[in-house]
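Structure first, commentary second.
The values are calculated or read from the model by the stated rules, or taken from the named source; none is laboratory data. The shown structure was predicted, so the numbers you read here are calculated from the model rather than taken from an experiment. Neighbour counts are summed over all protein chains in view; Cβ atoms, including those assigned to glycine, are modelled from backbone coordinates with ideal geometry.
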Amino acid sequence: MNNGSTETLSSLMSAPLLYAFLAASLHVSLSPVVASLLPKNASQTQRLVFTEKILSTVHAAIVGGGAAWVIGSGTFAGDIVNPYTPLIKHLFAIYTGYSLYDCAIMALGAREPPPIWLHHIFGIAGAIGSMYYKKVLFVPTAFMISEISVIPVNWVWFLQTLFKVGIKFRPQTLRIALIARALTFLALRTPIGPAAAYYAVQQHNTNISGLWTNVMAGLPSVVRYGTATNLVVFSLLNLFWTIKSIKRVSR
């Protein structure tokens, strides 16, 4: 069993840190362009986050689309425990690197609420653990698909920010974006946890108890309990955000 002992943490983190550096470099390169395009009354924080949201949208498309490809291509068909392909490795490295960059932006003044910090901390810990142990990557890969929903989230943020700095647009535009965000959350974020559990049960022809006592038996405790914890935490966070997005549309 591969328990990650053949790879040191420093070597494992080389790719994520490279992607974090790439994201930071792109941010620095894009910042002057964003500053020149936004009105002069835009605050420093708005300019900072505007650039981050552009990179966030690109990241969401790459990671979410890549994860959907991995799941859809049948990589985990019949076995949710062992598959660890080069594409999976790069997706997790990109996700970890971007999340580290995003935490730095948040610390610099993005003022994100606690649930976002919780999401990032658990996401980074889960991704690093997954790359180290290389087991049961099906669950975090499935949750990566929900990153696609970040695209309409950023669309809403762009519109709200542009309105705040004096750029006018039709009111229906924001409402369409809010509806798109809510629908994407309903389609991706809310069902992804239960759907992942159901898929895992079907692939091993067992039940939840059987997954725990048989399929995942013999795996390191950190993998077993980490997988269960992330499944619960991300499912609850996704449900929380879905409810908020629906309430925002109904105002």
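Yes or no: Val63 within 15 Å of Tyr98 (Cα to Cα), hydrophobic (A, V, I, L, M, F, W, C) and loosely packed, with under 13 Cβ neighbours inside 10 Å? When the stated conditions are applied, Val63 does not pass them.
Number of residues in the stretch 210-251 that are touching a residue at least 12 places away in the same chain (Cβ under 8 Å) and in contact with a Ser or Thr (Cβ under 7 Å, 6 or more places away or on another chain) equals 4.
Yes/no matrix, rows are residues, columns are (1) closer than 16 Å to Ile145 by Cα; (2) of a type in the set (Gly, Ala, Ser); (3) at pLDDT below 95:
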site: Thr57; (1), (2), (3): yes, no, no
site: Gly66; (1), (2), (3): yes, yes, no
site: Asp79; (1), (2), (3): no, no, no
site: Pro83; (1), (2), (3): no, no, no
site: Tyr101; (1), (2), (3): no, no, no
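Do we find a residue being among the polar types (S, T, N, Q) and either surrounded by 16 or more Cβ atoms within 10 Å (Cβ to Cβ) or touching a residue at least 24 places away in the same chain (Cβ under 8 Å) (or both) anywhere in the stretch 16-32? Scanning the stretch 16-32 turns up no residue that is among the polar types (S, T, N, Q) and either surrounded by 16 or more Cβ atoms within 10 Å (Cβ to Cβ) or touching a residue at least 24 places away in the same chain (Cβ under 8 Å) (or both).
Going by what's in this entry, would Ala187 be described as part of a helix (DSSP H, G or I) and aliphatic (A, V, I, L, M)? Answer is yes for this residue.
Would a scan of the stretch 117-126 turn up a residue that is over 19 Å from Phe240 (Cβ atoms) and either surrounded by fewer than 23 Cβ atoms within 10 Å (Cβ to Cβ) or touching a strand residue (DSSP E or B) at 6+ places or on another chain (Cβ under 8 Å) (or both)? Yes, that holds for at least one residue. Only residues that are without any contact (Cβ under 8 Å) to a residue 24 or more places away in the chain and charged (D, E, K, R) were counted across the stretch 33-75, and they come to 2. The single condition from (1) of a type outside the set (Phe, Trp, Tyr); (2) touching a residue at least 24 places away in the same chain (Cβ under 8 Å); (3) loosely packed, with under 15 Cβ neighbours inside 10 Å; (4) closer than 23 Å to Arg224 by Cβ that Val81 fails is (3).
Would you please name the residue that is farthest from Lys135 (Cα to Cα), looking only at residues in the stretch 71-101 that are among the β-branched types (Val, Ile, Thr) and over 15 Å from the mean Cα position of the chain (by Cα)? Checked the stretch 71-101; the qualifying residue farthest from Lys135 (Cα to Cα) is Ile71.
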